[in-house]
1. Filter the GluC sites (Glu not before Pro) in segment B:1-50 to those in DSSP coil with at most 16 other Cβ atoms within 10 Å of their Cβ, and list the result.
2. If I take all pairs of Cα atoms in segment A:1-52, what percentage of them are more than 11 Å from each other?
3. Within 10 Å of each Cβ in B:82-88, how many Cβ atoms from other chains are there, averaged over the peptide?
4. Counting only protein heavy atoms and using a 1.4 Å probe, what share of the accessible area of chain B belongs to carbon plus sulfur, as a whole percent?
5. Kindly list the residues of segment A:6-29 that lie in the label zone of B:His56, defined by a backbone N under 20 Å from the point 7 Å along the Cα-to-C-beta vector.
6. What does DSSP give for chain B in terms of the percent of beta bridges that are antiparallel, rounded to the nearest 5?
7. Under a 1.4 Å probe, what is the accessible area of chain B per residue, stated in Å²?
8. Taking beta carbons within 10 Å but only from partner chains, what does the mean come to for residues B:24-33?
Amino acid sequence: NAGVMQNPRHLVRRRGQEARLRCSPMKGHSHVYWYRQLPEEGLKFMVYLQKENIIDESGMPKERFSAEFPKEGPSILRIQQVVRGDSAAYFCASSPRGLRPNTEAFFGQGTRLTVV
Amino acid sequence: KNEVEQSPQNLTAQEGEFITINCSYSVGISALHWLQQHPGGGIVSLFMLSSGKKKHGRLIATINIQEKHSSLHITASHPRDSAVYICAVRGPGNQFYFGTGTSLTVIP
């Protein structure tokens with residue numbers, strides 16, 4: 001049973017380009033969470049998705065960022081017109097259900113985005 | 001003020017030493033996670049706790065819900081334990097709040 005898979009592991013984009021980060025949750029998991037880790041900072045929540053639904057996007061920047069988790073395929077975090085400040089590690093986690101006591105979330109290896 | 005505070009921020013230990021990392025939080029939680037992040041690597045979930053104590057090998061995690069405090073202990077530390085250890089709490093609405101991490105270096 002593969003863990004949470006994120007790709008690519010490393011992504012380099014020029015300012016103004018689009019970045020697409022993918023997260024394939026663990027088999028049987030229908031809940032996905034995205035987090036951002038800026039250099040020298042801790043992890044910050046961005047968005048929580050269930051299949052075809054955004055449950056909580058309170059941590060997402062209002063502009064240029066969007067996320068989806070379609071019925072088929074991985075969850076996608078999309079950053080349009082990237083700027084240098086978007087350079088960070090982006091992690092996703094998945095869980096089989098909404099997080100309640102005794103429900104564990106599993107983390108992916110992260111995608112390191114560098115904007116040049 | 002962060003919802004989750006960890007201490008110490010940095011820790012250097014000699015191989016074999018007993019290590020304790022502390023985590024205090026200010027929000028109501030349904031669970032607390034201890035995570036491990038290696039340099040350049042991803043994040044591994046070590047423990048999920050909602051009460052009491054858990055043990056995996058040389059790692060022990062405890063939580064005191066009343067005091068809103070958790071500790072991660074490493075017995076007989078080893079250089080391969082060198083990593084950043086992150087405390088994360090699951091608050092209302094299923095969001096995670098993360099500590100800024102404790103960077104541990106174990107010297108042979």
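The values are calculated or read from the model by the stated rules, or taken from the named source; none is laboratory data. For clarity, every value in this text was computed on a predicted model and none was experimentally measured. All Cβ positions, even for glycine, are placed from backbone atoms using ideal geometry, and neighbour counts span all protein chains on display. Heads up: the accessible areas ignore ligands, DNA and RNA and are worked out on the full protein's heavy atoms, side chains in. Shrake-Rupley method; radii C 1.70, N 1.55, O 1.52, S 1.80 Å.
1. Sparse-neighbourhood loop GluC sites (Glu not before Pro): B:Glu3, B:Glu15, B:Glu17.
2. On the way: 1028 of 1326 pairs.
Percent of Cα pairs beyond 11 Å in segment A:1-52: 78.
3. Numbers: counts 0, 0, 1, 0, 3, 1, 7.
Across B:82-88, the average partner-chain Cβ count within 10 Å equals 2.
4. Details: 2440 of 4790 Å².
Taking all protein chains in place, chain B shows 51 percent carbon and sulfur surface.
5. A:6, A:25-29
6. Numbers: 40 of 45 bridges.
That works out to approximately 90 percent antiparallel.
7. Working: 4790 Å² over 108 residues.
Accessible area per residue, chain B: 44 Å².
8. Details: counts 0, 0, 0, 0, 0, 1, 5, 7, 0, 4.
Across B:24-33, the average partner-chain Cβ count within 10 Å equals 2.
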